[in-house]
1. Could you go through the range 101-114 and let me know if any residue there is at pLDDT 95 or above, surrounded by fewer than 19 Cβ atoms within 10 Å (Cβ to Cβ), more than 18 Å from the chain's Cα centre (by Cα) and at positive phi.
2. Which one of these does residue 164 not meet: (1) touching a His at 6+ places or on another chain (Cβ under 7 Å); (2) on the phi > 0 side of the Ramachandran plot?
3. Return a yes/no flag: does the range 140-161 have any residue that is modelled with pLDDT of 95 or more, surrounded by fewer than 17 Cβ atoms within 10 Å (Cβ to Cβ) and closer than 23 Å to residue 104 by Cα.
4. Do you know which of the residues in the range 69-105 that are part of a loop (DSSP other than H, G, I, E, B) and in contact with a Pro (Cβ under 9 Å, 6 or more places away or on another chain) is farthest from residue 59 (Cα to Cα)?
5. Any idea which of 130, 148 is assigned to a strand (DSSP E or B) and within 17 Å of residue 256 (Cα to Cα)?
6. When you go through (1) touching a Ser or Thr at 6+ places or on another chain (Cβ under 8 Å); (2) within 20 Å of residue 46 (Cα to Cα); (3) not hydrophobic (A, V, I, L, M, F, W, C) one by one for residue 163, which number turns out not to apply?
7. Could you please find all residues in the range 121-131 being surrounded by 18 or more Cβ atoms within 10 Å (Cβ to Cβ) and at pLDDT 95 or above?
8. Name the residues in the range 69-99 that are modelled with pLDDT under 95, farther than 23 Å from residue 41 by Cβ and crowded, with 16+ Cβ neighbours inside 10 Å, would you?
Amino acid sequence: MPLNLSPTSAIPIDKQKVASAFGRAAHSYEQHNELQRRSGNALLEYLPEQVAVGLDLGCGSGWFVPALKQKAEQLLALDLSPAMLQQAQHKADILPICADMDTQPLAEQSLDWIFANLCLQWSANPAAWLANWSKRLKPGGVLVFATLVDGSLFELAECWQQQGQASPINPFIGYSKLEQHLDATGRRWQCRPATEQLEYANLKALLLDLKGIGANRVNHARRTGLMGKQTWQQLNLTYPVNNQGHCVATYRLAYGVIYG
């Protein structure tokens with residue numbers, strides 16, 4: 001997921017690789033989705049009760065589908081991965097939509113709310129994503145989102161760079177740039193930054209967690225060849241640990257609401 005994304009460029013996203021990565025993670029996702037649970041629970045508080053039509057955008061395996069279904073007579077669930085949608089359909093009565101979220105395959109002013117938990121960072125054009133999905137809101141509707149911003153997983157990026165390795169994470173948008181994109185929608189909005197930290201027994205566990213949710217590196221050319229044992233040992237020695245000897249992964253988030 002290099003950091004410091006150029007503020008004028010769109011994020012290079014290989015959607016086929018994204019779909020494949022999340023498809024492979026469909027059955028393991030809920031063993032590794034602690035961050036998604038935290039951010040999604042925070043977003044639920046912004047949603048109104050008992051509306052006609054809601055959308056779980058980038059629904060993944062449907063962890064929040066049961067809770068969301070209680071808030072809408074009809075719940076739509078959109079994801080790029082057919083395997084993820086299949087998992088979501090087991091959770092509640094939903095209308096599954098297998099599509100690229102950057103195509104906005106729904107009519108304008110058709111949704112009472114949109115729940116977008118940690119999917120915006122997979123958009124090839126965040127500005128267009130915010131503008132176009134907010135147009136799908138009915139008057140009085142809300143789009144609630146959580147997304148990762150610049151500075152997320154900085155420990156991982158710095159550790160790799162110290163060993164002369166390419167960063168294993170994709171770029172994240174800067175918080176100020178995100179606010180500019182929200183302004184450009186022409187709608188009323190609010191946004192706040194937040195930080196979440198997850199602890200792991202070792203570096204391998206951290207990397208397995210990323211792989212388990214399909215968030216391993218998909219947007220840039222991978223380093224060819226296997227990493228040498230000495231390099232891997234150095235990475236383990238370099239990665240910072242807390243007082244308990246655990247590896248810490250820091251996530252910078254933005255929680256936002258756009259009003260219809």
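The values are calculated or read from the model by the stated rules, or taken from the named source; none is laboratory data. Note that the structure is a prediction, hence the values are computed from the model and not measured. Ideal geometry is used to build each Cβ from the backbone, glycine not excepted, and the neighbour counts take in all protein chains shown.
1. Yes, some residue in the range 101-114 is at pLDDT 95 or above, surrounded by fewer than 19 Cβ atoms within 10 Å (Cβ to Cβ), more than 18 Å from the chain's Cα centre (by Cα) and at positive phi.
2. So the condition that residue 164 fails would be (1).
3. Within the range 140-161, one or more residues are modelled with pLDDT of 95 or more, surrounded by fewer than 17 Cβ atoms within 10 Å (Cβ to Cβ) and closer than 23 Å to residue 104 by Cα.
4. Filtering the range 69-105 for residues that are part of a loop (DSSP other than H, G, I, E, B) and in contact with a Pro (Cβ under 9 Å, 6 or more places away or on another chain), the one farthest from residue 59 (Cα to Cα) comes out as 71.
5. 148
6. Going through (1) touching a Ser or Thr at 6+ places or on another chain (Cβ under 8 Å); (2) within 20 Å of residue 46 (Cα to Cα); (3) not hydrophobic (A, V, I, L, M, F, W, C) one by one, residue 163 breaks only (2).
7. 126, 129, 130, 131
8. Selection gives 80, 83, 86.
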